[in-house]
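Each remark here refers to the structure printed beneath this line.
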């Protein structure tokens, strides 16, 4: 199956390794990955700020880059999966996927849900992968303890525990529970700049719970949460490493043995 | 200029934040447990409740006319008030007819009377309204406003309540909750004995039977609505339910969502004034308040009228927990307030409040009537920007220009490391608490191009 990678603007600007990991994960899952080079942003920042005029123009550009025309016909994400010729977009972010699936219909006033999927949603729900990596994996000596933060925008696409399930299936990973996992990290895009005191207070509370959990690695599926939490960690001098779950998945893929 | 909620967050006492956060967290956990015990499938119950409320909104006019007729059959006098001003005047006329010389009025907890600022109005006209819900009583003693729909003094601790009671001479200083309650109870009993008028809100009004339903845990609603000669009930027009069997769902859903109870300690079904009975009020008046609700009904915020005022969205909201209800500068606070305030009072005055959200969506997840609050917050933001009511500090049209051109975008990315070193006022919002973001590892595009 061919999938188009939606890199997301944060990975384009700062976190290239997450994009690289996403490509490796998708290829390990048997997909051929394409990267439309004209891609920029999904338009969520101005959308959340209330500037829908600016957001709509970015959204039209997005549609043109990924689906050829800004007025491409209405698609159903579920049927698109079954259609081998259809174009599927995968992003290492539930937030960006939610913007396209839920934000665009709200902003344009049509009931069109494009086939755009968050990475774990695609792997688990559509490819049926429930164990990572696929095939035999080397037995690790020691388990790495991680704390997992579920990005809130997963709610927008109905994401459940797909990311956790993949991580939990890995030999070398132990997920330690954190207190009040349903609580937001406080990022919220422009909210983090407009309401910095509130945003930072929420973020610090999240980090406090991570520290209390005993984990030294914080994993999430959205770089939005992590760009904010990383900034707090550095400023506060905390000993927590942040990783995207795609990176954890990619690192577990066994190196190809030359035939 | 800092947004009001941010400004409030900078000034709030850490003690207040601690009170709100811990009480909210406890309520979030106990709510889930209560719902799981009460319903085989809580989500199905929530969806069903939303459908009942949609039916109410679709048939609001007919149901209100039915309610009026049934109430009148029961001997309840019904009034229609288009706004707070009219509702206050109606109440004053009733008070004057009973109690021309002024005097004590006992009040059961009611957010709708907060909405129309009834207490100061009654005071200006020679009456003395006394809040009889324990939390509301403390709010009144402290000359504050409730900071939560269900728990008005969630921002306070018992030391502060003890100080207020000592100052008011309710008894010797104590921080024992039972002692404090007994002090308030003794004082409130004297008010119940002397008051000729009781004022309450309404949790549900049943159109089929013309009965007013009130829920509570302290017994003060019962005393407020039965001890005085006259009972005046205020109700927002959306509080209607079609028929009594709907209560089986809504009473449990409200109890679980608000206070983690399958049913509140008291449930009152008020069918009018006393008939052959030896006690109870001689008159029951129902004031139906519109106050912008008909306008909301015709707007994109229509679903907010499904709200049953449980406060679950406030408890789960990460922003509310950090700032308390007072940061919203409105009767209704938290996620529900961030929609209701601009919906009721317009985006020109209250549109800014919708920005005080990270759009995490926890509110929609806990709402007993599945109100899509995050969607509405976005729509309010859009409406506010179009109306010129809220100015954003980011020039989004310039961002859109760069983000609609592949080459401009790529050129911008190349400049990013340099740009992130230059000072800019927007950056302050980020750097006050966080280190600037920086590139980690290889840039994706060069990796991709080399690989091919």
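The values are calculated or read from the model by the stated rules, or taken from the named source; none is laboratory data. Everything numeric in this text was worked out from a predicted model, so none of it was measured. Cβ placement follows ideal geometry from the backbone for every residue including glycine, while neighbour counts extend to all protein chains displayed.
All but one of (1) touching a helix residue (DSSP H, G or I) at 6+ places or on another chain (Cβ under 9 Å); (2) more than 19 Å from residue B:113 (Cβ to Cβ); (3) outside any strand (DSSP E or B); (4) modelled with pLDDT of 95 or more hold for residue B:269, so report the exception by its number.
Of everything listed in (1) touching a helix residue (DSSP H, G or I) at 6+ places or on another chain (Cβ under 9 Å); (2) more than 19 Å from residue B:113 (Cβ to Cβ); (3) outside any strand (DSSP E or B); (4) modelled with pLDDT of 95 or more, residue B:269 misses just condition (3).
Which residue out of B:398, B:377 is without any contact (Cβ under 8 Å) to a residue 24 or more places away in the chain and either within 7 Å of chain A (Cβ to nearest Cβ) or in a helix (DSSP H, G or I) (or both)? Give the derivation first.
Details: B:377 fails: without any contact (Cβ under 8 Å) to a residue 24 or more places away in the chain.
The match here is B:398.
Of the conditions (1) out of contact with any helix residue (DSSP H, G or I) (no Cβ under 6 Å at 6 or more places or on another chain); (2) without any contact (Cβ under 8 Å) to a residue 40 or more places away in the chain, residue A:5 clears all except one; give me its number.
Checking residue A:5 against (1) out of contact with any helix residue (DSSP H, G or I) (no Cβ under 6 Å at 6 or more places or on another chain); (2) without any contact (Cβ under 8 Å) to a residue 40 or more places away in the chain, the one that fails is (2).
Determine if the stretch A:239-251 includes at least one residue that is away from every other protein chain (no Cβ under 14 Å), in a loop (DSSP other than H, G, I, E, B) and more than 26 Å from residue B:312 (Cβ to Cβ). If you could, list the steps in order and put the result at the bottom.
First pass over the stretch A:239-251, keeping only residues away from every other protein chain (no Cβ under 14 Å): A:239, A:245, A:248-249.
If we keep only those that are in a loop (DSSP other than H, G, I, E, B) too, we end up with A:239.
Okay, now just the ones that are also more than 26 Å from residue B:312 (Cβ to Cβ), so A:239.
So far as the stretch A:239-251 goes, yes, one or more of its residues are away from every other protein chain (no Cβ under 14 Å), in a loop (DSSP other than H, G, I, E, B) and more than 26 Å from residue B:312 (Cβ to Cβ).
Mind listing whichever residues of the stretch A:193-208 are part of a helix (DSSP H, G or I), in contact with a helix residue (DSSP H, G or I) (Cβ under 9 Å, 6 or more places away or on another chain) and at pLDDT 95 or above?
Here is the first cut: in the stretch A:193-208, the residues part of a helix (DSSP H, G or I) are A:193-194, A:196-208.
So of that shortlist, the ones also in contact with a helix residue (DSSP H, G or I) (Cβ under 9 Å, 6 or more places away or on another chain) come out as A:193-194, A:196-207.
Within the stretch A:193-208, A:196, A:197, A:198, A:199, A:200, A:201, A:202, A:203, A:204, A:205, A:206, A:207 qualify.
Can you find, within the stretch A:20-35, the residue that is nearest to residue B:442 (Cα to Cα) among those that are at the interface with chain B (Cβ under 10 Å from one of its Cβ atoms) and assigned to a helix (DSSP H, G or I)?
Ranking the candidates gives A:20 first.
To keep it simple, each residue is scored yes or no on (1) touching a residue at least 40 places away in the same chain (Cβ under 8 Å); (2) farther than 16 Å from residue B:232 by Cα; (3) assigned by TED's automatic domain parsing to the domain that holds residue B:253.
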position	(1), (2), (3)
B:53	yes, yes, yes
B:73	yes, yes, yes
B:98	yes, no, yes
B:102	no, no, yes
B:116	yes, no, yes
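Mind counting the residues in the stretch B:327-366 that are farther than 20 Å from residue B:146 by Cβ and in a loop (DSSP other than H, G, I, E, B)?
So the count comes out to 6.
Going through B:205, B:184 one at a time, which residue ends up being assigned to a helix (DSSP H, G or I) and touching a residue at least 24 places away in the same chain (Cβ under 8 Å)?
Working: B:205 fails: assigned to a helix (DSSP H, G or I).
Of B:205, B:184, the one residue that is assigned to a helix (DSSP H, G or I) and touching a residue at least 24 places away in the same chain (Cβ under 8 Å) is B:184.
Could you check residue A:211 against (1) more than 11 Å from every other protein chain (Cβ to nearest Cβ); (2) without any contact (Cβ under 8 Å) to a residue 60 or more places away in the chain; (3) in a loop (DSSP other than H, G, I, E, B) and say which number it fails?
Looking at each condition in turn, residue A:211 falls short on (3).
Just checking, how many residues over the stretch A:170-179 are assigned to a loop (DSSP other than H, G, I, E, B) and surrounded by fewer than 15 Cβ atoms within 10 Å (Cβ to Cβ)? Working first, answer last.
Restricting attention to the stretch A:170-179, the residues satisfying the condition of being assigned to a loop (DSSP other than H, G, I, E, B) are A:170-172, A:177-179.
Next cut, surrounded by fewer than 15 Cβ atoms within 10 Å (Cβ to Cβ) only: A:171, A:177, A:179.
Looking only at that region, the number is 3.
For every residue, the table says whether it meets (1) over 13 Å from residue B:433 (Cα atoms); (2) more than 14 Å from every other protein chain (Cβ to nearest Cβ); (3) crowded, with 21+ Cβ neighbours inside 10 Å.
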{"residue": "A:184", "(1), (2), (3)": "yes, no, yes"}
{"residue": "A:200", "(1), (2), (3)": "no, no, yes"}
{"residue": "A:226", "(1), (2), (3)": "yes, no, yes"}
{"residue": "A:254", "(1), (2), (3)": "yes, yes, no"}
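What do you reckon, is residue B:135 part of a loop (DSSP other than H, G, I, E, B) and not assigned by TED's automatic domain parsing to the domain that holds residue B:315? It would help to see each step written out before you state the result.
Working: part of a loop (DSSP other than H, G, I, E, B): no; not assigned by TED's automatic domain parsing to the domain that holds residue B:315: yes.
No.
Pick out the one residue from B:173, B:211 that is in contact (Cβ under 8 Å) with a residue 24 or more places away in the chain and touching a helix residue (DSSP H, G or I) at 6+ places or on another chain (Cβ under 9 Å). Reasoning before the result, please.
Details: B:173 fails: in contact (Cβ under 8 Å) with a residue 24 or more places away in the chain.
None of the other options fit; the residue is B:211.
Could you tell me how many of the residues in the stretch B:272-304 are surrounded by 15 or more Cβ atoms within 10 Å (Cβ to Cβ), outside any helix (DSSP H, G or I) and touching a strand residue (DSSP E or B) at 6+ places or on another chain (Cβ under 8 Å)?
Here the count works out to 12.
Against the definition (surrounded by fewer than 23 Cβ atoms within 10 Å (Cβ to Cβ) and outside any helix (DSSP H, G or I)), how does residue B:143 come out, yes or no? Full working, then the answer.
Values: surrounded by fewer than 23 Cβ atoms within 10 Å (Cβ to Cβ): yes; outside any helix (DSSP H, G or I): yes.
Spelling it out, residue B:143 is indeed surrounded by fewer than 23 Cβ atoms within 10 Å (Cβ to Cβ) and outside any helix (DSSP H, G or I).
When you go through (1) buried (at least 21 other Cβ atoms within 10 Å of the Cβ); (2) touching a helix residue (DSSP H, G or I) at 6+ places or on another chain (Cβ under 9 Å) one by one for residue B:221, which number turns out not to apply?
Only one criterion in (1) buried (at least 21 other Cβ atoms within 10 Å of the Cβ); (2) touching a helix residue (DSSP H, G or I) at 6+ places or on another chain (Cβ under 9 Å) is unmet by residue B:221, namely (2).
Need the failing condition index for residue B:17 against (1) in contact (Cβ under 8 Å) with a residue 60 or more places away in the chain; (2) outside the structural domain of residue B:259 (by TED's automatic domain parsing); (3) surrounded by 13 or more Cβ atoms within 10 Å (Cβ to Cβ); (4) over 11 Å from residue B:324 (Cβ atoms), just the number.
Among (1) in contact (Cβ under 8 Å) with a residue 60 or more places away in the chain; (2) outside the structural domain of residue B:259 (by TED's automatic domain parsing); (3) surrounded by 13 or more Cβ atoms within 10 Å (Cβ to Cβ); (4) over 11 Å from residue B:324 (Cβ atoms), the lone unmet condition for residue B:17 is (4).
If a residue must be free of Cβ contacts under 8 Å to residues at least 60 places away in the same chain and either within 24 Å of residue A:23 (Cβ to Cβ) or within 14 Å of chain B (Cβ to nearest Cβ) (or both), how many such residues does the stretch A:112-132 contain? Talk me through it step by step, then tell me what you get.
Restricting attention to the stretch A:112-132, the residues satisfying the condition of being free of Cβ contacts under 8 Å to residues at least 60 places away in the same chain are A:112-115, A:117, A:121, A:124-126, A:128, A:130-131.
Next cut, either within 24 Å of residue A:23 (Cβ to Cβ) or within 14 Å of chain B (Cβ to nearest Cβ) (or both) only: A:114-115, A:117, A:121, A:124-126, A:128, A:130-131.
Residues that pass the stated criteria total 10.
If the Cβ limit is 6 Å and pairs must be 6+ apart or interchain, which residue in the stretch B:412-435 that is facing chain A (nearest Cβ under 7 Å) and more than 19 Å from residue A:197 (Cβ to Cβ) pairs with which residue that is at pLDDT 90 or above and surrounded by 15 or more Cβ atoms within 10 Å (Cβ to Cβ)?
Cβ pairs passing all conditions: B:413/A:13; B:416/A:13.
Considering each residue of the stretch B:329-344, count those that are within 14 Å of chain A (Cβ to nearest Cβ) and either over 12 Å from the mean Cα position of the chain (by Cα) or surrounded by fewer than 24 Cβ atoms within 10 Å (Cβ to Cβ) (or both), and give that number.
Here the count works out to 1.
Restricting to the stretch A:217-235, what's the tally of residues that are touching a residue at least 60 places away in the same chain (Cβ under 8 Å) and more than 20 Å from residue A:180 (Cβ to Cβ)?
Summing the residues that are touching a residue at least 60 places away in the same chain (Cβ under 8 Å) and more than 20 Å from residue A:180 (Cβ to Cβ) in the stretch A:217-235 gives 2.
Of the residues A:141, A:189, A:135, which single one is within 27 Å of residue B:435 (Cα to Cα), in a loop (DSSP other than H, G, I, E, B), at pLDDT below 95 and more than 7 Å from chain B (Cβ to nearest Cβ)?
On the way: A:141 fails: within 27 Å of residue B:435 (Cα to Cα); A:135 fails: within 27 Å of residue B:435 (Cα to Cα).
Answer to the check: A:189.
For the stretch B:380-395: of the residues being under 12 Å from residue B:352 (Cα atoms) and at the interface with another protein chain (Cβ under 7 Å from one of its Cβ atoms), which is surrounded by the fewest Cβ atoms within 10 Å (Cβ to Cβ)?
Looking at the filtered set, the residue picked out is B:392.
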